[in-house]
Amino acid sequence: MANDISVRLFTANTRGRNIASALYSDPWFVIFLLVAAVNMMWLATGSAPLPVGLLWHWLPAMLSGLLTNIEISVAAMLLGTLVGLVFGALSLSPSRLLRLLVRGYVQVFRNAPVLVLIYFTTYVFPFEFALFHFYLPFPDWLKVVIGLGLSASAIIAEIFRGAIQSIPSAQWEAAQSLAFRRRQILRYVILPQCVRRMLPPWMNLYAGITMSTSLASLVGVHDIVDMATIASNTVARTDFTVLVYFALLFFFFIYCYPIARMTRLLEKQHDRL
């Protein structure tokens, strides 16, 4: 028992050291620490340049806008994943008509520009619904979620179809020889392998959807881009405008870069399997 505990502690410490060494060897993480240290020094001594001080003043509003972007991206990926899995499964249906309909859906929304889909859902759906004598608003952020979800669903449908078809047919035959039903084969043999193969492109797609949420400000959503524009127009200083858009790039990078690194790690693990 003591040996098991020692092994677990040693494994945990080793993993912790590996993660720490990977972080400190990453040049972007080191740059982030340097930028944070300089800003903390300016904040503590009160010697920050005027544009930096103005940026600190607008920082809560920009972070609130970034939270809106994250919420839209999570909701869009959830919608896209649910719809995409359904259409991906239907694309493998024995019905030729059903496969053609799914293929048409995928081709239309996978090849449509994201901005066009956002404008499409913004103006196709009404601004409010009349239910009996009540009026229910249909907010713009929800229309953006639907627009991004349509694009994500078409891509996820293709990812799921490709993952299913990448499983060797010998595994289906081996499971059938063990008297497994089709549903059991999918649940216990095929789908666990598909999840492992789908996860890297799914995470890569999520990073892309997160960056596409910057288009939400064009239809009136108060996201981080909208907050940055308001801050720039209010202060009306060229140096502050440059700084605020550098901060905008920085915030998106800080959120999406760990996702990209995790995607690469998962791809390497998948290559070893």
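Of note:
- Single residue of the range 200-220 satisfying the filter (open to solvent by 70 Å² or more (accessible area, probe 1.4 Å) and not aromatic (Phe, Trp, Tyr)) that is farthest from Val74 (Cα to Cα): Leu218
- Listed by first and then second residue, the pairs with beta-carbon distance under 7 Å, at least 6 apart or on different chains, first residue in the range 133-144 and in contact (Cβ under 8 Å) with a residue 12 or more places away in the chain, second open to solvent by 60 Å² or more (accessible area, probe 1.4 Å), are Phe138/Phe125; Phe138/Phe127; Phe138/Glu128; Phe138/Phe129; Lys143/Phe125.
- Counting the residues of the range 226-240 that are loosely packed, with under 15 Cβ neighbours inside 10 Å and without any contact (Cβ under 8 Å) to a residue 60 or more places away in the chain gives 4.
- Consider the range 98-141 and keep the residues that are in a helix (DSSP H, G or I) and among the charged types (D, E, K, R). The one that is nearest to Ile72 (Cα to Cα) is Asp140.
The values are calculated or read from the model by the stated rules, or taken from the named source; none is laboratory data. The model shown is predicted, which means the values in this text are computed figures rather than measured ones. Heads up, the Cβs are rebuilt from the backbone with ideal geometry, glycines too, and the neighbour counts pull from every protein chain shown. Note: areas computed on protein heavy atoms with side chains; ligands, DNA, RNA excluded. Shrake-Rupley method; radii C 1.70, N 1.55, O 1.52, S 1.80 Å.
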